[in-house]
Amino acid sequence: MPKKPKARSHSNHRASRASRPTTPASSSQRTYTILDYRLERPRIELRQVRDGDTVRYEVSGDLSAPVPPIRESKYLGKQQCIEIYRWMLLNRKMEAALENLYKQGKVVGGVYFGLGQEGCSCASAYALEPDEWLGPLIRNQGSLLVRGFSPRDIMMQYMARAGSPTKGRDASSHFGDIQKRNVVAPISTLGDLIPVLAGVALGARLQGKNIAVMTYIGDGGQSTGVTYEGLNFAAVQNLGLVLFVENNLWGYSTPADMQFLIEDLAERAIAYGIPGVIVDGTDPCQVYDAAHEACERARRGEGPTLIEAKMMRMKGHAIHDAAEYVPKPLFEYWKKRDPIARFENFLVNVKKWLTPAEHEKLLAGVDAQLEADREFAVASPMPTPESAAGGTYCEEGCHEVKPKYGVPTVKSRKAPATLRAESAVHLK
Amino acid sequence: MPTLTYLEAIRQGIWEEMERDPTVFCIGEDIGIYGGAFKVTDGFIDRFGPERVIDTPIAESAIVGAAFGASLTGMRPVAEFQFMDFIGCAFNQITNMVAKAHYRWGAPAPLVIRGPSGGNVHGGPFHSQNPEMYFVHTPGLKVVCPATAYDAKGLIKASIRDNNPVIFFEHKYLYRRIKEDVPDDDYIVPLGKARVARSGRDLSIITYAAMVHVALEAAEMLSKEGIELEVVDLRTVSPLDREAIAETVRRTNKVIILHEHVRTGGIAGEISAIINEEAFDSLDGPIVRLTALDSPVPFSPPQEEFFLPKPNDVVREARKLAAY
Ligand SMILES: Cc1ncc(C[n+]2csc(CCOP(=O)(O)OP(=O)(O)O)c2C)c(N)n1
Ligand SMILES: [Mg+2]
């Protein structure tokens, strides 16, 4: 009797759809689950209204709701919370320093801020292991710090100095490192990092290791086609992508509800067949917990997770943009939810993990680090004009390409003796 | 030495690289059990398994993005495009993400994007294009367009081993139409080196891919009239072999540039400029361009024939130039 072929699931075959519907026997309605870590669900609406000769945005809803506490983390202990807090401070104060450098005319081009989003950048990146990968966006300067770049690296990028990670060739957060820090340099075009990070996970898996890879997309950027392509690819291939959808309510001057119609972008996960999670992006504990769980899932080889972080871009799109189109009450509402002030209160007053003296010391340490880095960066030279040339191609001897996680193991199988019909091909 | 078609030679080249190097893998649409729309990867999934022969969703940006991501971990992906006409869907990944990576942040991207291009198979406007010039115009990419089975194997192997992103345009008209003896051992044809496909003293024709065969056919006809054509096959369109271009002009002093893609912004313009820079004093006549028309590729056979350069066109232009 011929042996029944054994059905085998391959490592690149989807294990199971994560966001399976439940259909109660008595109903034809399906229900899906979205995990929501938030302690408040703000209902705030934005409308375009005509005001005399002009059209502007108007905000309505419960803008006086009390500020929620920080949610206790399931995983983070005292030391880790303090570390994350320090990264957040470094992130914010570094951006303040960049603003000053800009005002002094030392920055070439603009400055981008993650004001109000530091908790999301820092706590998410903090969930990755050193041998895992991250692809930042322009506002994720905090993520870059957590991955091991220094404020001086970022300052030199903005000032286009020879010593910047891209040696003057690119600006802002547009740099990476394939050797040590495992960061993919972003490009301006939004969405394109998503399949790239999925591919990093694919490469690692071929080398025998399931890793978590993390990247970000905005409420605006998620409208791109490549976002769908990349996340769907990761889902189908069961790759350990952790995608943070940073819903900061604005994409340049366009409000989020002109980008999509659904209530929560996390719901998109249902259509990819992957888990969707909502967090308050101003609460680093929620951000970390969701990121940690998604990373663990990735390491178990169970595929991607979409995490929507709700927060607010607390400045204009970049330094040139005064954000006058944003209704003031919206800024006031989110100002009360400032991630750093709330985390400070949590650490100093609620948990008492930092005494006021320790807190002062921590602040002073951050300031000293930034001052030293600022001085270094400002004193560093501009690149020579000629350094514009060269390096477009990887020449003989400039890089050795070798597998990062180990040489893939190859099964030896017999080659098929004959090829199939050569006749039925598409166009001859 | 076994006789292989152009397609079998490519297949053998990729196969050998996958045998030789466990970091090489294939990714694309319908390349697994089906073996690809043109069967280039037929049998690969049986030999190398679904881990290394990955069928993807119809998502060209994801294919290129994922290939690039994997290359950052030290893999050497070979990404198949079902038709090169669809490469526009991945334009941003290729030109902005991949091509600029080494210049911007020192990340080598050793990946190959390969697939069928070219006309004369009545594929219509979306299955016949030669979109290579978009990528020739993008620093950081290499663009390879083989004309023979021997070269196809040697060039695909060199492309896979190269530490730069290579776009490898296979000509679908040649897939099963040309055959030759191809060594079944390990050899490469280096990127960036042209070859003289036929030597001749009277005038040169610089071309590549399917047009090499058009030029060779014309050379046979012209030879009977006593006009000896030198046919230079570029093999690699980016980087161009400037030296080989200059040398053939210095030998024959007259030159026709022949290509299958449209005229305006075509490689003939660039080659003319190189001749101007490197061998102006050797010219004894105007540089002649023979190209497709400045239009989409038409579907109906008589229209497509009119659109594409043919051996008779070469003969006509060569006679004129020889008499100049
Ligand atoms: C594909 C693409 N289109 C347009 C732009 C120009 N642009 C840069 S940032 C931006 C707004 C992005 O909004 P969002 O994704 O919400 O991110 P945020 O700035 O809020 O962090 C736009 C339109 C771009 N970078 N990429
Ligand atoms: Mg936004």
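Gain in length, residue A:410 to residue A:27, computed as 0.36 nm per residue apart minus the alpha-carbon separation, to one decimal in nm?
Gain on extension, residue A:410 to residue A:27, equals 132.9 nm.
Just so you know, the Cα atoms of region A:172-240 work out to an Rg and Dmax of 12.2, 35 Å. Structural descriptor for chain B: relative contact order 16 percent, calculated from alpha carbon pairs under 8 angstrom and at least 6 residues apart.
Placing one equal scatterer on every Cα of chain B and applying the Debye formula, the log10 ratio I(q)/I(0) at q = 0.07, 0.13 Å⁻¹ is -0.27, -0.92. Close amide H pairs (under 5 Å, H built 1.01 Å from N) link residue B:204 with B:230, B:254, B:255, B:256, residues at least 5 positions away or on another chain. Label region B:3-181 by shape, choosing from rounded, prolate and oblate, from the square roots a ≥ b ≥ c of the eigenvalues of the Cα gyration tensor; if a/c is under 1.5 it is rounded, and otherwise prolate applies when a/b is larger than b/c, oblate when it is not. Verdict is rounded for region B:3-181.
Report the residues of region B:297-324 in range of a label on residue B:201: point 7 Å along Cα→C-beta, backbone N strictly under 19 Å from it. Only B:319, B:321-324 pass the distance filter. Note on the protein assembly as shown: dipole from Cβ charges, positive end direction compared against B:182, A:46, B:134; the farthest Cα belongs to A:46. Work from the charge dipole of the protein assembly as shown (Cβ charges, +1 for Lys and Arg, -1 for Asp and Glu, about the Cα centre) and give the residue of A:173, A:245, B:199 farthest towards its positive end. Comparing the listed Cα positions along the dipole, A:245 ranks first.
From other protein chains only, count the Cβ atoms within 10 Å of every residue's Cβ in A:184-196, then give the mean.
On the way: counts 7, 7, 2, 9, 2, 5, 0, 3, 10, 3, 5, 14, 15.
Other-chain Cβ atoms within 10 Å of each residue's Cβ, averaged: 6.
Taking 0.36 nm per residue of sequence separation and removing the Cα-Cα distance, the residue A:60/residue A:162 pair yields an extension gain of 31.9 nm. Taking a spot 7 Å from the Cα of residue B:320 along the direction of its beta carbon, which residues of region B:174-217 have an amide N less than 18 Å from it? Inside the label zone: B:203-206, B:215.
Evaluate E = 1/(1 + (r/R0)^6) for residue A:396 and residue B:305, where r is the Cβ-Cβ distance and R0 equals 45 Å; express this FRET efficiency to the nearest 0.05.
0.50
Over all Cα atoms in region A:154-281, the spread is summed up by Rg and Dmax: 16.0, 46 Å.
For region B:44-116, rounded, prolate or oblate, judged on the Cα gyration tensor with a ≥ b ≥ c (square roots of eigenvalues), a/c < 1.5 rounded, else prolate if a/b > b/c?
Taking the square roots of the gyration eigenvalues as a ≥ b ≥ c, region B:44-116 is oblate.
Within 10 Å of each Cβ in peptide B:8-21, how many partner chain Cβ atoms are there on average? Round it to a whole number, please.
Average neighbour count from other chains, rounded to a whole number: 1.
Each residue of region B:22-37 was assigned a 3J(HN,Hα) from its phi angle through the Karplus expression (A = 6.51, B = -1.76, C = 1.60, θ = phi - 60°), giving x, 8, 7, 8, 10, 9, x, 8, 6, 8, x, 4, 6, x, x, 4 Hz with x at Gly and Pro. With a Förster radius of 56 Å applied to the C-beta separation of residue B:273 and residue A:352, the computed FRET efficiency comes to 0.15.
Computed packing ranks the peptides B:119-127, B:158-166 as B:158-166, B:119-127, most packed first, by mean other Cβ atoms within 10 Å. Close amide H contacts of residue A:36 (hydrogens built in the peptide plane, cut-off under 5 Å, sequence separation of 5 or more or a different chain): A:278. Report summary: the helix-based calculation at 222 nm, which adds -39500 (n - 2.57) for every DSSP H run with n ≥ 4 and divides by the residues of chain B, gives -11000 deg cm²/dmol. Let me make sure I get this right: for chain A, a, b and c are the square roots of the gyration tensor eigenvalues over alpha carbons, sorted descending. Under 1.5 in a/c it's rounded, otherwise prolate if a/b > b/c, else oblate. Which is it? Verdict is oblate for chain A.
Multiplying the residue separation of residue A:75 and residue A:53 by 0.36 nm and removing their Cα-Cα distance gives an extension gain of 2.6 nm.
Dipole magnitude for the protein assembly as shown: about 1760 debye, using +1 per Lys or Arg Cβ and -1 per Asp or Glu Cβ, origin at the Cα centre. Using the Karplus relation 6.51 cos²θ - 1.76 cosθ + 1.60 with θ = phi - 60°, the per-residue 3J(HN,Hα) values for region A:397-406 come to x, 7, 9, 9, 9, 9, x, 6, 10, x Hz, with x marking Gly and Pro.
Only helices at least 18 Å long along their own axis, judged from Cα atoms, and with Kyte-Doolittle mean hydropathy of -1.0 or greater: name those in chain A from DSSP H. Membrane-span-like by this rule: A:78-103, A:193-206, A:284-299, A:356-379. Using DSSP to define loop residues, name the trypsin sites (Lys or Arg not before Pro) in region A:284-346 whose beta-carbon has at most 15 other beta-carbon atoms within 10 Å. When the trypsin sites (Lys or Arg not before Pro) of region A:284-346 are filtered for loop state and at most 15 Cβ neighbours within 10 Å, A:300, A:336 remain.
Among B:44, B:91, sorting on how many other beta-carbon atoms sit within 10 Å of each Cβ, with the fewest leading, yields B:91, B:44. Using the rule -39500 (n - 2.57) for each DSSP H run of four or more residues, divided by the residues of chain A, the 222 nm mean residue ellipticity is -10000 deg cm²/dmol. Amide hydrogen proximity for residue B:113: with H placed 1.01 Å from N in the peptide plane, the residues at 5 or more positions away or on another chain lying under 5 Å are B:79, B:166, B:167, B:168. For the segment B:162-172, counting C-beta atoms of other chains within 10 Å of every residue's C-beta and taking the mean gives 2. Counting neighbouring beta carbons within 10 Å and listing from fewest to most, the residues B:39, A:74 come out as A:74, B:39.
For chain B, the longest principal axis of the alpha carbon atoms and the long axis of helix B:60-72 meet at an angle near 70°.
Using each residue's phi in region A:257-272, evaluate 6.51 cos²θ - 1.76 cosθ + 1.60 at θ = phi - 60° and report the 3J(HN,Hα) Karplus result to the nearest Hz, with x for Gly and Pro. Calculated HN-Hα couplings, in order: 6, 9, 9, 7, 9, 5, 5, 10, 5, 4, 4, 4, 3, 4, 6, 8 Hz. Residue order for A:394, A:122, fewest other beta carbons within 10 angstrom first, comes to A:394, A:122.
Could you name the aspartates and glutamates in cross-link range of residue A:352, using Cα to Cα under 16 Å and dropping any fewer than eight places away on the same chain? Qualifying aspartates and glutamates at Cα under 16 Å: A:72, A:83, A:344, A:360.
In plain terms, if you count all Cα to Cα distances in region B:195-322 and split them into 5 Å steps from zero, the share in each step is 2, 12, 23, 24, 21, 11, 5, 2, 0 percent. For the modelled label position 7 Å from the Cα of residue A:345 along Cα-to-Cβ, which residues of region A:65-86 have backbone nitrogen atoms closer than 12 Å? Residues A:66-71 fall inside that zone. The residue among B:208, B:96, B:282 whose Cα reaches farthest toward the positive pole of the charge dipole of the protein assembly as shown, with charges on the beta-carbon of Lys, Arg, Asp and Glu, is B:96.
Each value in this text was obtained by applying a stated rule to the coordinates, not by laboratory testing. None of the values given here were measured: they were computed from a predicted structure. Please note: Cβ atoms are built from the backbone with ideal geometry, for glycine as well, and neighbour counts cover all protein chains shown.
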